[in-house]
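Only the coordinates and a few stated rules stand behind these numbers; no lab work does. Please read these numbers as outputs of a predicted model, since none were measured by experiment. Cβ placement follows ideal geometry from the backbone for every residue including glycine, while neighbour counts extend to all protein chains displayed.
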């Protein structure tokens with residue numbers, strides 16, 4: 001097993017791309033998805049594009065949680081950090097996200113309607129639902145520090161394909 005990857009960034013949306021890129025590259029370590037071989041990103045702006053379903057799911061879920069921390073825990077003012085510990089294995093990825101902002105109450109997340117259609121979708125508050133849908137497991141422990149644990153397994157068929 002590889003040692004954990006650690007990153008600490010200011011708790012603002014300005015630093016989200018740095019954290020997302022780190023998470024995307026960690027996901028690639030698990031999925032073995034190829035990166036574009038073109039060395040000059042000015043020739044191909046999609047050189048770091050996330051295309052593998054595992055990578056996409058991990059990055060989508062992580063971005064929603066990062067947004068919640070920057071927008072709600074730090075109330076768009078920054079003033080704190082977001083600390084990541086990313087642990088890749090041969091078939092899974094665990095991302096622990098810590099912040100010292102205002103705790104989040106998961107009990108206040110409005111459940112989705114049983115029959116979803118365009119009229120019943122809420123305007124906001126979908127981030128937690130998106131993250132839960134994309135991951136195999138997600139837990140939150142209010143603090144401070146607040147701790148989000150995001151876990152995604154690579155499907156067995158993809159483990160075999162990725163390693164061949």
Legend entry - Residue order, fewest to most surrounding Cβ atoms within 10 angstrom, among 137, 99, 91: 137, 91, 99
Inset, instruction - Would you please give the FRET efficiency between residue 29 and residue 149, computed as 1/(1 + (r/R0)^6) with r the Cβ-Cβ distance and R0 = 25 Å, to the nearest 0.05? - result: 0.85
Legend entry - Efficiency of FRET from Cβ geometry, residue 110 and residue 6, R₀ 45 Å, rounded to 0.05: 0.85
Legend entry - Length added when fully stretched, residue 90-residue 157, from 0.36 nm per residue minus Cα-Cα: 22.8 nm
